[in-house]
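Asks: What follows is a structure written as structure tokens; I'll ask about it next.
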Amino acid sequence: QVQLVESGGGFVQAGGSLRLSCAASPQLFTVYHAYWYRQRSGEERALLASLTSSGNTNYADGIKGRFTISADNAKNTIYLQMNDLQPEDTAVYYCKLRPWGTADEYWGQGTQVTVAS
């Protein structure tokens, strides 16, 4: 089932930028860990970035410096700003939210990002 609503994917030329959005319900957006993953065609889903509600971030090798995870608490939304996109970034991108103190995980439906090569 779709727990979070993603948007912002699309087609760009190499070197372009996109901002992905992941909208959650207010009940999920209190104390949490948020994550962005991507899955290239034929490959396993890979973790790209994480963010805690206290503001701590972590990034995977290869995207730090180009991608930034952030949150707007007033809008109950997680973002992934992607700059200097390259063909290797072509994938389906997924957000995930894990509320603190539970074993629950909430996933977005995925959004396609395609970078011209």
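The values are calculated or read from the model by the stated rules, or taken from the named source; none is laboratory data. These figures come from a predicted structure and were not determined experimentally. Cβ atoms come from the backbone with ideal geometry, glycine included; neighbour counts cover every protein chain shown. To get the accessible areas, we keep the full protein, side chains included, count just its heavy atoms, and leave off ligands, DNA and RNA. Shrake-Rupley method; radii C 1.70, N 1.55, O 1.52, S 1.80 Å.
Asks: Within the stretch 62-94, how many residues turn out to be open to solvent by less than 50 Å² (accessible area, probe 1.4 Å), of a type in the set (S, T, N, Q) and within 10 Å of the chain's Cα centre (by Cα)?
Replies: 1
Asks: Does at least one position in the stretch 4-24 carry a residue that is part of a loop (DSSP other than H, G, I, E, B), of a type in the set (D, E, K, R) and under 18 Å from residue 66 (Cβ atoms)?
Replies: no
Asks: If you go through the stretch 10-45 one residue at a time, how many are within 11 Å of the chain's Cα centre (by Cα) and closer than 15 Å to residue 88 by Cα?
Replies: Counting residues in the stretch 10-45 that are within 11 Å of the chain's Cα centre (by Cα) and closer than 15 Å to residue 88 by Cα gives 2.
Asks: Just the residues that are touching a strand residue (DSSP E or B) at 6+ places or on another chain (Cβ under 7 Å) and either surrounded by fewer than 18 Cβ atoms within 10 Å (Cβ to Cβ) or modelled with pLDDT under 95 (or both), please, taken from the stretch 32-49.
Replies: Correct list: 32, 33, 39, 40, 45, 46, 47.
Asks: Right, something else. Under the condition of being within 20 Å of residue 85 (Cβ to Cβ) and in contact with a Phe, Trp or Tyr (Cβ under 7 Å, 6 or more places away or on another chain), which residue from the stretch 1-31 is surrounded by the most Cβ atoms within 10 Å (Cβ to Cβ)?
Replies: Filtering first and then ranking leaves 20.
Asks: I've got another one for you. Just the residues that are under 20 Å from residue 111 (Cα atoms), outside any strand (DSSP E or B) and in contact (Cβ under 8 Å) with a residue 40 or more places away in the chain, please, taken from the stretch 28-42.
Replies: Correct list: 40, 41.
Asks: Considering the stretch 96-111 alone, what residues qualify as being in contact with a Phe, Trp or Tyr (Cβ under 7 Å, 6 or more places away or on another chain) and open to solvent by 70 Å² or more (accessible area, probe 1.4 Å)?
Replies: Scanning the stretch 96-111 gives 98, 100.
Asks: Given the conditions (1) open to solvent by 30 Å² or more (accessible area, probe 1.4 Å); (2) not in a loop (DSSP other than H, G, I, E, B), which single one is not true for residue 55?
Replies: (2)
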